[in-house]
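The values are calculated or read from the model by the stated rules, or taken from the named source; none is laboratory data. Everything numeric here is computed off the predicted structure, so don't read it as measured data. Cβ atoms come from the backbone with ideal geometry, glycine included; neighbour counts cover every protein chain shown.
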Number of protein chains: 2
Amino acid sequence: MEADTALVRKLVDTLPEGVVVTGAAEIEKYREDFARDGSAGMPVAVVRAEDAGQVQEAVRWAAAHGVPVVPRGAGTGLSGGSSAVDGGITISLDRMRSIEIDPACQVAVVEPGALNADVKRAAAEHGLWYPPDPSSYEICSIGGNLATNAGGLCCVKYGVTTDYVLGMDVVLADGTLVRLGGKQIKDVAGLSLLKLFVGSEGTLGIITRAILRLIPAQRAGATLVASFPTMTAASRAVVAIRTRVRPSMLELMDNTTINAVEDWRSHGLDRSSGALLIAQSDATGASCGAEIELVRACCAAEGAADVFTTTDAEEADLFVSARRNAFLALEERGSVLFEDVGVPVPLLPDLVDGIAGIAGRCGVEIALVAHAGDGNTHPIVVYDAADPAAVEGARRAFDDVMQLAIALGGTITGEHGVGRAKKAALPDQLGADVMALNRRIKDALDPAGILNPGAVL
Amino acid sequence: MEADTALVRKLVDTLPEGVVVTGAAEIEKYREDFARDGSAGMPVAVVRAEDAGQVQEAVRWAAAHGVPVVPRGAGTGLSGGSSAVDGGITISLDRMRSIEIDPACQVAVVEPGALNADVKRAAAEHGLWYPPDPSSYEICSIGGNLATNAGGLCCVKYGVTTDYVLGMDVVLADGTLVRLGGKQIKDVAGLSLLKLFVGSEGTLGIITRAILRLIPAQRAGATLVASFPTMTAASRAVVAIRTRVRPSMLELMDNTTINAVEDWRSHGLDRSSGALLIAQSDATGASCGAEIELVRACCAAEGAADVFTTTDAEEADLFVSARRNAFLALEERGSVLFEDVGVPVPLLPDLVDGIAGIAGRCGVEIALVAHAGDGNTHPIVVYDAADPAAVEGARRAFDDVMQLAIALGGTITGEHGVGRAKKAALPDQLGADVMALNRRIKDALDPAGILNPGAVL
């Protein structure tokens, strides 16, 4: 149901001045996420909540009147998971940013609007580290990370968001706030509700606080950068590396991405390289060198043209930031569709080859960057939105890449979430029975279907 | 509803000969788990399934006739989670033990009846390791580990069962088999159903296959054993260690446990020690020695009487096996009630002191062993079942310890599960709203309530 003017007035009056935004220009900033997938509707209001109580108030109002609610963090999502809904409200958590480090418990107690980078910085002041590190970590929020179970570059050794969640406050579809878990590390009392809310993309509840586990900060270690003639050769090296070493980073960039990054800002990358592999080891002592040597041997065996290693953190950061900036750089080349497909690691070369085939068949450019050590790739379809044939080819390529991943026994999304952009392909991956199971959980927790309607399911 | 003879006959005829057991003597072996909590009823049959299809057949039969179903692994549970139900059936997974290692993907594909130790051994043949290691790992099954989200000794550094689950086949309450996840490492397509089934103690479905992540085998490293005058001092040392080091093991045993273990089989422990701390580091190179030195310093600062270190694996195993054998040894002293309470690590000394107070007030002996580095303790109430006053005191102590953990912001169960033994205290920990949320999920997945009724909720 669409909220009418009188109803919206009621919401405005319920909450403190300035919390509810109804001006068109202001609302516009909260309509889309970075996927810019064109699915965003026009909400009647944006609630810029200052605390959990205001989130509860807004949800109670929405529940009473059957108004759709879209929760939103920093808006850096890549699947349209926080695209606004016509006639609904968007609850933005961007003002709820508090971060409290408890060094004795080695946890961070954070509000959802806190940026990932700010949590990392606050933890670092106590010699601690919050590992999950999406490429967008400087601008993405913890709430969004939790909603998508975000990954990143260090996940190949240190795991993803869900591995670091000890506790959570969640506002349910009727406005009830539940407190799950706590600062205790192990807790199996009752069902694993905590883990269910992680990755639920705002469809089951709105996270208003999280207790995140921290670990001692790791030293930077050594970095290896290898240049390969082809992505196939580089991905074969990744498969070999993964069976012999446990690197703390194992990333790939293809030639298109290398050149896009260099066009955008020079990082000193070799523009003629077919593929660049970036590996790090944070093992201590002689183990670090030994790991890097194993990586080097795997690269050499798969025909690496050039291998460079460094233990200088600044030098290493140049390569890592090149990788992190890939999305921004590629967006300069045209309109983009972000993929996030993953396969079992040994099938990485098949995925890489299949994607090249799809690019050829659909007549589009697909740049490829990958958290390769996890088998998780980001093929990025770059196209000219003004050319209808290119748009059609891009859409086809986007779908075909997901079908390829499914055919290889993989997933349509490793870390970005399904959102709205990948919803159509979800049943193809999960099948009817698992879709029905998802739906049963959704119906149990949000029977009226007001939470993020149109996303995921 | 209780199944009558004709109905049971139908079940027997549906499945291959020998799968359905109805003889009283044979059934008796499947009635209780290690908690022996006296709650076990008399089932009409035990289904010793050979494959997932037979599990489906049995569940379909039970669903059609409203018969309760209790799933069961190796029966080593400590909370009565697989206690049989009057008039129901128990589905034992103890014949489904296949283990297949995929070294390229670094996963184990296992059936639920496979023992934890067998998975470890199979992985080790490929230089790989399945970390979760309950003390009972030689006799407990992976199915039970998954059902309780089991922990163990290495969890302080390597996490618990849920951290290693990539895929799962689950038979739902209507007999449908769903396949969740796969061999891909990262996958956020749809809700985190996989994680929801982990730790659900057979109340949501029956796990018939799991894909478990393996990591490269770690070297043994160094072991430190420190003797303290009191458990309070030892637990203070644990708190200090945890803020400075990330050990791969950090365990405590109190004087009662030390003497019980020595009575049972000599391990060369100092019977006069008030508390024994066992720490390990599997860091490589000089870091290993540095970590052990930090542990030593923390122990010294908290008044350790004696500190011993070794890099000899066999010597270390003597201490670790003493710790692992604590439950078996304590069972020799009388009847036992197993606790599994946990608190945020800095509150460990408060928990230890509180437990000593409860033992005094209730006039019972409470031995204490702990996965101390995780704040997870196992107070074990030892009592004489023939003495009504002792039984009463033991029950009271059991309840009081759980209430103490809740009061300290902790949990009634860190890794054993709620089962039937801890069910009464669950609402005190979770509160009405979270209990209702648990119930909603349960009702959505098992509307007729046939799966493990009486457990957890």
Practice prompt. Report yes if B:Leu146 is surrounded by fewer than 24 Cβ atoms within 10 Å (Cβ to Cβ) and not aromatic (Phe, Trp, Tyr), otherwise no.
Written response: no
Fill in: Output for the range A:257-297, where each listed residue is among the hydrophobic types (A, V, I, L, M, F, W, C) and outside any helix (DSSP H, G or I)
A:Leu269, A:Ala275, A:Leu276, A:Leu277, A:Ile278, A:Ala279, A:Ala283
Worksheet item: Taking only pairs six or more apart or across chains, which ones have beta-carbon atoms under 9 Å, a first residue in the range A:52-76 that is aromatic (Phe, Trp, Tyr), and a second residue that is assigned to a helix (DSSP H, G or I)?
Response: A:Trp61/A:Leu7; A:Trp61/A:Lys10; A:Trp61/A:Leu11; A:Trp61/A:Thr14
Item to complete: Report yes if A:Ala173 is buried (at least 23 other Cβ atoms within 10 Å of the Cβ), in contact (Cβ under 8 Å) with a residue 60 or more places away in the chain and either within 29 Å of A:Tyr30 (Cβ to Cβ) or within 14 Å of the chain's Cα centre (by Cα) (or both), otherwise no.
Response: no
Discussion item. If I filter the range B:65-92 down to residues being of a type in the set (A, V, I, L, M) and over 16 Å from B:Pro453 (Cα atoms), which single residue comes out as farthest from the chain's Cα centre (by Cα)?
Written reply: B:Ala74
Discussion item. Based on this model, can you work out whether B:Leu194 counts as assigned to a strand (DSSP E or B), in contact (Cβ under 8 Å) with a residue 12 or more places away in the chain and not assigned by TED's automatic domain parsing to the domain that holds B:Ser83?
Written reply: no
Worksheet item: What number of residues in the range B:234-256 are under 12 Å from B:Gly375 (Cα atoms), of a type in the set (D, E, K, R) and buried (at least 24 other Cβ atoms within 10 Å of the Cβ)?
Response: 2
Worksheet, complete the sentence: For the range A:397-455 the number of residues that are within 12 Å of chain B (Cβ to nearest Cβ) and among the polar types (S, T, N, Q) is 4
Worksheet entry | Total residues in the range B:239-249, condition more than 12 Å from chain A (Cβ to nearest Cβ) and outside any strand (DSSP E or B) | 1
Worksheet item: Quick check, is A:Arg420 outside the structural domain of A:Thr232 (by TED's automatic domain parsing), of a type in the set (Lys, Arg), over 22 Å from A:Pro132 (Cβ atoms) and crowded, with 18+ Cβ neighbours inside 10 Å?
Response: yes
Worksheet item: B:Glu57: over 29 Å from B:Asn149 (Cβ atoms), in a helix (DSSP H, G or I) and acidic (Asp, Glu), yes or no?
Response: no
Discussion item. Here's a check for you: in the range A:144-183, which residue that is among the β-branched types (Val, Ile, Thr) and in a strand (DSSP E or B) is nearest to the other protein chains (Cβ to nearest Cβ)?
Written reply: A:Val178
Item to complete: Check whether at least one residue in the range A:96-109 is within 17 Å of the chain's Cα centre (by Cα) and assigned to a loop (DSSP other than H, G, I, E, B), and report yes or no.
Response: no
Item to complete: Among the residues of the range A:345-378, write down those that are farther than 19 Å from A:Ala226 by Cβ, touching a strand residue (DSSP E or B) at 6+ places or on another chain (Cβ under 9 Å) and within 14 Å of another protein chain (Cβ to nearest Cβ).
Response: A:Pro346, A:Leu351, A:Asn376, A:His378
Worksheet item: So A:Gly18 fits all but one of (1) surrounded by fewer than 17 Cβ atoms within 10 Å (Cβ to Cβ); (2) under 26 Å from the mean Cα position of the chain (by Cα); what number is the exception?
Response: (2)
Worksheet item: How many residues, within the range A:194-204, are closer than 24 Å to B:Val156 by Cβ and facing chain B (nearest Cβ under 8 Å)?
Response: 2
Worksheet item: Within the range B:1-30, can you find the residues that are of a type in the set (D, E, K, R) and in contact with a Gly (Cβ under 6 Å, 6 or more places away or on another chain)?
Response: B:Glu2
Practice prompt. Give the residue, chosen from A:Asp33, A:Asp4, that is of a type in the set (Asp, Glu) and crowded, with 24+ Cβ neighbours inside 10 Å.
Written response: A:Asp33
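Each row is one residue, and each column tells you yes or no for (1) among the polar types (S, T, N, Q); (2) crowded, with 19+ Cβ neighbours inside 10 Å; (3) modelled with pLDDT of 95 or more.
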{"residue": "B:Pro379", "(1), (2), (3)": "no, yes, yes"}
{"residue": "B:Arg395", "(1), (2), (3)": "no, no, yes"}
{"residue": "B:Met402", "(1), (2), (3)": "no, yes, yes"}
{"residue": "B:Asn438", "(1), (2), (3)": "yes, yes, yes"}
Fill in: Whichever residue in the range B:205-231 is assigned to a strand (DSSP E or B) and touching a Cys at 6+ places or on another chain (Cβ under 6 Å) and, among such residues, is nearest to the other protein chains (Cβ to nearest Cβ)
B:Ala222
Worksheet item: In the range A:429-436, is there at least one residue being under 18 Å from A:Lys195 (Cα atoms), not in a helix (DSSP H, G or I) and not assigned by TED's automatic domain parsing to the domain that holds A:Asp133?
Response: no
Worksheet item: For the range A:127-143, what are the residues that are without any contact (Cβ under 8 Å) to a residue 40 or more places away in the chain and surrounded by fewer than 21 Cβ atoms within 10 Å (Cβ to Cβ)?
Response: A:Glu138
Fill in: the range A:201-233, subset under 30 Å from B:Arg420 (Cβ atoms) and not β-branched (Val, Ile, Thr), residue surrounded by the most Cβ atoms within 10 Å (Cβ to Cβ)
A:Gly205
Item to complete: May I ask you to list the residues in the range B:294-344 that are of a type in the set (Asp, Glu) and within 14 Å of chain A (Cβ to nearest Cβ)?
Response: B:Glu339, B:Asp340
Practice prompt. Residues being within 14 Å of chain A (Cβ to nearest Cβ) and of a type in the set (D, E, K, R): count how many of those fall in the range B:101-124.
Written response: 1
Worksheet item: Going through the range A:180-219 one residue at a time, which ones are among the aliphatic types (A, V, I, L, M) and modelled with pLDDT under 95?
Response: A:Ala217
Discussion item. Need the failing condition index for B:Gly274 against (1) more than 17 Å from B:Thr377 (Cα to Cα); (2) surrounded by fewer than 20 Cβ atoms within 10 Å (Cβ to Cβ), just the number.
Written reply: (1)
